[in-house]
Amino acid sequence: MPIIEQKTVTAEKGKGKIFITHLLTPAEMAGKCAMFASVKIPVGAAINVHKHVGTTETYHILQGTATYTDNGETYTVKAGDTTFCADGDTHGIENAGDDDLIFIALIINTK
């Protein structure tokens, strides 16, 4: 069983810095996915609302509480919840808790 070396990058996708740990490389995803990663959003940080074109995105919340925006509607999500943003839809997420927000993000190519 090969062990994949994880790579963590810092990004600014909205308010504050977020940390993305890539769990698979492009080679393992074979063009079917754009990203499979663990994402950490510190307290007070967010990924701004953005539109998906040619991809879908799923978040599975592992830790924390967040305000999730889906096509203009807002929801509270917590550990154990899973969200889905379809191709052509918009979404964003903001840490609304007192601890780091951690989730798995999967971006699947649709075209």
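Every read-out reported here was derived from the displayed coordinates using simple, explicitly stated rules and does not represent laboratory data. Given the structure is predicted, the values throughout are model-derived calculations rather than measurements. Cβ atoms come from the backbone with ideal geometry, glycine included; neighbour counts cover every protein chain shown.
For the residues A86, A37, A46, a GNM of the chain with alpha-carbon springs under 10 Å puts the largest fluctuation on A86.
Around the Cα centre of the chain, unit charges on the Cβ atoms of Lys, Arg, Asp and Glu (plus for the first two, minus for the last two) sum to a dipole of about 300 debye. For segment 73-84, the Karplus equation 6.51 cos²θ - 1.76 cosθ + 1.60, evaluated at θ = phi - 60°, returns couplings of 9, 10, 9, 8, 10, 9, 3, x, 7, 10, 10, 9 Hz by residue, with Gly and Pro reported as x. Each residue of segment 37-54 was assigned a 3J(HN,Hα) from its phi angle through the Karplus expression (A = 6.51, B = -1.76, C = 1.60, θ = phi - 60°), giving 8, 9, 10, 10, 10, x, 3, x, 9, 7, 9, 4, 4, 8, 9, 9, 10, x Hz with x at Gly and Pro. Name the residue from Y75, M29, P42 whose Cα lies farthest towards the positive end of the charge dipole of segment 7-109, charges +1 on Cβ of Lys and Arg and -1 on Cβ of Asp and Glu. Of Y75, M29, P42, it is M29. If you wrap the tightest convex hull around every Cα atom of the chain and split its volume per residue, you get 98 Å³.
Report the local net charge at F19: Lys and Arg +1, Asp and Glu -1, summed over other residues whose C-beta lies under 15 Å from its C-beta.
Once all neighbours under 15 Å are counted, the net charge is +2.
In sequence order, segment 4-20 has phi-based couplings of 8, 6, 7, 10, 9, 10, 9, 9, 10, 10, x, 8, x, 9, 10, 10, 10 Hz under the Karplus curve 6.51 cos²θ - 1.76 cosθ + 1.60, θ = phi - 60°, and Gly or Pro positions carry x.
Loop-only check: which trypsin sites (Lys or Arg not before Pro) in segment 1-100 are DSSP coil with at most 10 other Cβ within 10 angstrom? Taking segment 1-100 and a limit of 10 other Cβ atoms within 10 Å, the loop trypsin sites (Lys or Arg not before Pro) found are K32.
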